[in-house]
Amino acid sequence: MITIEDKIESFKKIINEDIKSSYDVEIQKIKQETEDIIRTYKAKKYEDIERIKRDYALKLETKTDRIHSKTQKEGQNIILAANKQIYDDFFKALKEELKSEYLGKEGETYLKRTLEVAKKDVKSDDTIYVFEKSYERDMPIIQDILGGVDIQKSDNIRIGGFEVENKERTYRLNYSVDFLLDNKYKDILTKLKQELDVRA
């Protein structure tokens, strides 16, 4: 199985080989052009030849810097795109794993514990919104802990957990796993980036 580290190492090798190859070809091309021009003017005076060499050396240096900057920027863009893909794949897999765990015993435990914490804030006329795929499992647990509250399926919840909305619909308390993950997204992303940087 290919790990994230393997993917990163592969991307680095490809990018470095690409940049080096492109850079060498361009430099060789520029050197060849310079040598051809110098040969053409060899019959002229020594001062003219020296001036031309200096002019083209400066042009070569300038063009080399531009090519190097361009290839470096292209390489950085490739690395950024690869990192973004890794992050996207990681979060997609994380959401699937959390959803799978929520639909199992861990989700039932999370629901019971969270309902016990939220119980003091829930009124009998509030509406509880739950994850559509766990509705049948969650409904009796909610009724057992909170009594006869209204329980509805929610399209907003895609991983698990629940939301509480008051009768007037003026506020919603969010206890969904989706909400927790969104709140921790930046922290997780920072830690993942640090981990990838350490392994790079």
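No value in this document is a laboratory result; all are computed from the given coordinates. Worth saying up front: this structure is predicted, and the values here are computed from it rather than measured. When we count neighbours, we look across all protein chains shown, and the Cβ atoms used for this are built from the backbone with ideal geometry, even at glycine.
Quick check on the exposure proxy: order Leu146, Leu192 from fewest to most C-beta atoms within 10 angstrom. Intermediate results must be reported in sequence, preceding the final value.
On the way: Leu146 20, Leu192 17.
Ranked by crowding around the Cβ, least crowded first: Leu192, Leu146.
Express in whole angstrom the spacing between the alpha-carbon centres of region 106-142 and region 152-200.
Distance between centres, Cα-based: 16 Å.
Pull out the extension gain between Lys193 and Ile145, defined as 0.36 nm times the separation in residues minus the alpha carbon to alpha carbon distance; nm, one decimal. Don't skip to the answer; put the middle values down first.
Numbers: separation 48, 0.36 × 48 = 17.28 nm, distance 4.07 nm.
Fully extending the segment from Lys193 to Ile145 adds 13.2 nm.
Is region 112-170 rounded, prolate or oblate when judged by the Cα gyration tensor, a ≥ b ≥ c being the square roots of its eigenvalues, rounded requiring a/c under 1.5 and prolate requiring a/b larger than b/c?
Values: a/c = 1.59, a/b = 1.17, b/c = 1.35.
Since a/c reaches 1.5 but b/c is at least a/b, the shape of region 112-170 is classed as oblate.
If you take the beta carbon distance between Glu61 and Lys84 as r and set R0 to 30 Å, what does 1/(1 + (r/R0)^6) give as a FRET efficiency, to the nearest 0.05? The partial results should precede the final answer.
Numbers: r = 35 Å, r/R0 = 1.15.
In this case the efficiency is close to 0.30.
Looking at region 137-185, which GluC sites (Glu not before Pro) are DSSP coil and have at most 15 other C-beta atoms within 10 Å of their C-beta? Walk me through the numbers on the way to the answer.
Numbers: sites: Glu163, Glu165, Glu168; in loops: Glu168.
Counting only loop positions with at most 15 other Cβ atoms within 10 Å, the GluC sites (Glu not before Pro) in region 137-185 are Glu168.
So if each residue of separation counts as 0.36 nm, and I subtract the Cα-Cα distance between Glu116 and Lys53, what length gain in nm does that give?
Working: separation 63, 0.36 × 63 = 22.68 nm, distance 8.24 nm.
So the extension gain works out to 14.4 nm.
For Cα pairs less than 8 Å apart in space and 6+ apart in sequence, what is the mean separation divided by the residue count of region 105-183, i.e. the relative contact order in percent?
On the way: 115 pairs, mean separation 25.6, N = 79.
Rounded, it is 32 percent for region 105-183.
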